[in-house]
């Protein structure tokens, strides 16, 4: 029976949106292969987690290439039903303030773009044959910061997410003929560890729904995009922000 399960490969699974996504897909009977730069956590909430966890450093292209080889070995010829590129980094200054266009060192620019932008396309290309067998679906996690200047998100983070949104459209055109749909979600202020402490007091007034979003709400949208219910949705970026972008 387990051989019949649809398979999800998910980056950034150890907390926040990734953690909620694992639980959502697992509840539907999916096999979830998680990828993180961290080792497998002992308090894992999903069955078979340890054996389906890969330690991949998305900041290293060599690590990604080795990780793709490992993923293909684990798939063992089975189709891949979904790839969710959720992992992302948003560095701050030492005093936890925003890294703007003037202050961001070039090595930080390179690191942020490697993790947030290049890693998703490297994984998608490496797993394209397995996704085509599915046929599978790709979901890239962008951000509200990719379309507007944000109070806390740094310039490198924001522009990498804007680039990922543009990449999603290009991938939708390129992967579509393979039967693989590519979409993105753009979360706003979601209750995760990445939020700055001042978020609620500074940003909440600009959100029409007057509350932060939950990770389960984001996971639900990711699941929708990977399901048959979204079988003709391709090249879209869905905003999950309570109306903050309007």
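Every read-out reported here was derived from the displayed coordinates using simple, explicitly stated rules and does not represent laboratory data. Remember, predicted model here, so these are calculated numbers, not experimental data. A quick note on method: Cβ atoms are made from the backbone with ideal geometry, for glycine too, and the neighbour counts reach across all protein chains shown.
A few remarks follow.
- Listed from fewest to most Cβ neighbours within 10 Å, the set 246, 139, 233 follows the order 246, 233, 139.
- Using a Förster distance of 22 Å, the FRET efficiency for residue 173-residue 70 (Cβ separation, nearest 0.05): 0.15
- Alpha-carbon centroid distance for the pair segment 220-246 / segment 89-122, whole angstrom: 26 Å
- Exposure proxy order (Cβ contacts within 10 Å, fewest to most) of 81, 143, 227: 227, 81, 143
- Relative contact order of the chain, taken over Cα pairs closer than 8 Å and 6 or more residues apart, is 20 percent.
- R0 of 41 Å, Cβ-Cβ distance residue 51-residue 229: FRET efficiency to nearest 0.05: 0.85
- Mean-square fluctuations from a GNM of the chain, with a 10 angstrom spring cutoff on Cα atoms, peak among 144, 207, 64 at 207.
- Residue 97 paired with residue 216, simple spin-label distance in nm, labels 7 Å along Cα-to-beta-carbon: 3.9 nm
- Unit Cα scatterers, Debye sum, segment 97-175: log10 I(q)/I(0) for q = 0.27 Å⁻¹: -1.26
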